[in-house]
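Below you'll find the structure I mean.
Any read-out appearing in this document is the output of simple, stated calculations on the displayed coordinates, not a laboratory observation. If you're wondering where the values come from, they're calculated on a predicted model, not measured in any experiment. Cβ atoms come from the backbone with ideal geometry, glycine included; neighbour counts cover every protein chain shown.
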Amino acid sequence: MNEIWRRRFQVERWVREYFWSHDYEETRTPLLVQSPGMEPHIRPIEVRHPHSSRPVFLPTSPEFAMKKLLARGMPRIFQINSSFRDEPVSPEHHPEFSMLEFYEVDCPLTQLQERVEGLFQFVARKLHGSDSIPFRGETIDLSTPWPRYRVVDLFAEHLNIDLRRCSTSADLAKVCREHSISAEGSESWDDLYFKLWLNEIEPKLPKNRPVFVTHYPVSQSSLCNRLKDETGFEWANRFELYLGQLELGNAFDELRDPAVQRANFLKDQKIRRETYGDTYPESPIDEEFLAAIAKMPPTSGIALGIDRFCMVMLNAKTVDEVIPLQSYWSHEG
């Protein structure tokens, strides 16, 4: 076990080398925050602080803090930090996990995708001496460019529907039932979308190639800009990275309008309130963050799970193997 931990630390050093070689500055941000995030379904971990009368949390990601640094004139930044989410332990997730986030000013998402491709190739060549890596019984080909798939095209290919014309929960419920997926009357459009995605789309992504999935429904991102497709339909301008059918990263064309951002936050808090009630209270809005994004230049950024990245690069079966001294989570329950 100590050997795979040593190799994991070496992978992290190579990640840093990659970003240093591209003139990124490494940053460090606080691990005690008063606004841990506004996502309606991502639960933070609250901690007791003897000198604070207000709730204090561990961050679910360093995103808010890093955007404040961008607003203060840092054009290329990256960070590997500990993040915390009150979610079940699984072979691919722990409540405490390592996150790589990096942001670049005046960088369209296409250029950010090239940065991601370069990072994976850089580390793979250090480890394996080639652009191919073994993972889960497959040989993953990292040669570029990686395939790009739009969400609407994946739904058309695998479910034979135009997602642009499925605007109601009833529309998606019908599609679910046609594919023997349960669909309750109380489920939201997004709930049903994710059922279809997890059951009918994600398992059909390539096993031997990394892929970028782009053009997401606008309801699924409060922190990014929108773009129109060839029909004029609006999508969230973001992408997710999948490798070996495992989701590794989530990237945004970052939203910089504080009024729109505030409205998105309020909408997310309403969803949280209606879904969880008092069991998951609303988060305080980070006013400093809203002020910062108004000063932030056009920026793209991505959050990438380093534990999963190391699991892939080292061909481990679970994240347990590559997370040192995490036996508490491994044996919990």
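What is the sum of charges around Glu287, taking Lys and Arg as +1, Asp and Glu as -1, for the other residues whose C-beta is under 13 Å from the C-beta of Glu287?
Local charge sum for Glu287: 0.
Loop-only GluC sites (Glu not before Pro) in segment 166-217, please: DSSP not H, G, I, E or B, and at most 11 other Cβ atoms within 10 Å.
Within segment 166-217, the qualifying GluC sites (Glu not before Pro) (loop, at most 11 other Cβ atoms within 10 Å) are Glu184.
State the answer as a single residue: which of Leu290, Gly277, Ala156 lies farthest towards the positive end of the charge dipole of the chain, with beta carbon charges of +1 for Lys and Arg and -1 for Asp and Glu, about the Cα centre.
Leu290
Given the pairs Lys67/Lys195; Lys174/Lys267; Lys174/Lys317; Lys126/Lys295, which are separated by over 29 angstrom at their Cα positions?
From Lys67/Lys195; Lys174/Lys267; Lys174/Lys317; Lys126/Lys295, over 29 Å: Lys67/Lys195; Lys174/Lys317; Lys126/Lys295.
Can you list the aspartates and glutamates whose alpha carbon sits under 17 Å from that of Lys228, skipping same-chain ones fewer than 8 residues off?
Within reach: Asp153, Asp162, Asp253, Glu254.
What does the charge dipole of segment 148-205 about its Cα centre add up to, to the nearest 20 debye, if the Cβ of each Lys and Arg holds +1 and the Cβ of each Asp and Glu holds -1?
Once rounded to the nearest 20, the dipole reads 180 debye.
Let me ask you something else. About the Cα centre of segment 254-304, what is the dipole size in debye to 20, counting +1 per Lys and Arg Cβ and -1 per Asp and Glu Cβ, all else neutral?
For segment 254-304, the charge dipole is close to 160 debye.
Next question, about the same structure. Based on the alpha-carbon gyration tensor of segment 148-205, what equivalent-ellipsoid semi-axes (square roots of 5 times the eigenvalues) come out, in whole Å, largest first?
18, 12, 9
Within segment 199-257, report the chymotrypsin sites (Phe, Trp or Tyr not before Pro) that DSSP leaves as loop and that have at most 16 other Cβ atoms within 10 Å.
Counting only loop positions with at most 16 other Cβ atoms within 10 Å, the chymotrypsin sites (Phe, Trp or Tyr not before Pro) in segment 199-257 are Phe233.
Using +1 on the beta carbon of Lys and Arg, -1 on that of Asp and Glu, and nothing else charged, what's the dipole of the chain about the Cα centre, debye to 20?
Value, rounded to 20: 440 debye.
When the convex hull of the C-alpha atoms of segment 85-192 is computed, what volume per residue in Å³ does it have?
Dividing the Cα hull volume of segment 85-192 by its residues yields 206 Å³.
HN-Hα J couplings of segment 254-260 from phi, Karplus 6.51/-1.76/1.60, θ = phi - 60°, integer Hz, Gly and Pro as x?
The phi angles translate into 5, 5, 10, 9, x, 5, 5 Hz.
Residue by residue through segment 222-238, what is 3J(HN,Hα) from phi via Karplus (6.51 cos²θ - 1.76 cosθ + 1.60, θ = phi - 60°)? Round to whole Hz and write x for glycine and proline.
Values per residue, Gly and Pro as x: 8, 10, 10, 6, 9, 9, 9, 8, 5, 9, x, 6, 8, 10, 6, 7, 8 Hz.
Then there is this: Rounded to whole Å and sorted largest first, what semi-axes of the equivalent ellipsoid does the C-alpha gyration tensor of the chain yield via the square root of 5 times each eigenvalue?
The three semi-axes for the chain are 28, 27, 22 Å.
Note down the nm distance, to one decimal, between modelled labels 7 Å out along Cα→Cβ at Glu287 and at Arg209.
Label-label distance for Glu287 and Arg209, simple model: 5.0 nm.
Taking H as built 1.01 Å from N, whose amide H comes closer than 5 Å to the amide H of Phe135, not counting residues under 5 places away?
Ile140
While we're on this one: So who's got an amide H within less than 5 Å of the one on Gly244, skipping anything under 5 residues away but keeping other chains? H placed 1.01 Å off N, in plane.
Amide H neighbours of Gly244, under 5 Å, 5+ apart: Arg209.
With the radius of gyration and the Kirkwood radius both derived from the Cα set of segment 192-286, what is their ratio Rg to Rh?
In segment 192-286, Rg relative to Rh is 1.02.
Next question, about the same structure. Give me the Å³ per residue figure for the convex hull around the C-alpha atoms of segment 1-104.
Convex hull volume per residue, Cα atoms: 136 Å³.
Under a 5 Å amide H to amide H cut-off, with H placed in plane at 1.01 Å, what residues pair with Arg226 once short-range neighbours are removed?
Sorted by chain and number, the residues that satisfy this are Asn237.
Between Phe194 and Ser180, what length comes free when the chain is fully extended (0.36 nm per residue of separation minus the Cα-Cα distance, one decimal in nm)?
In short, 3.6 nm is gained.
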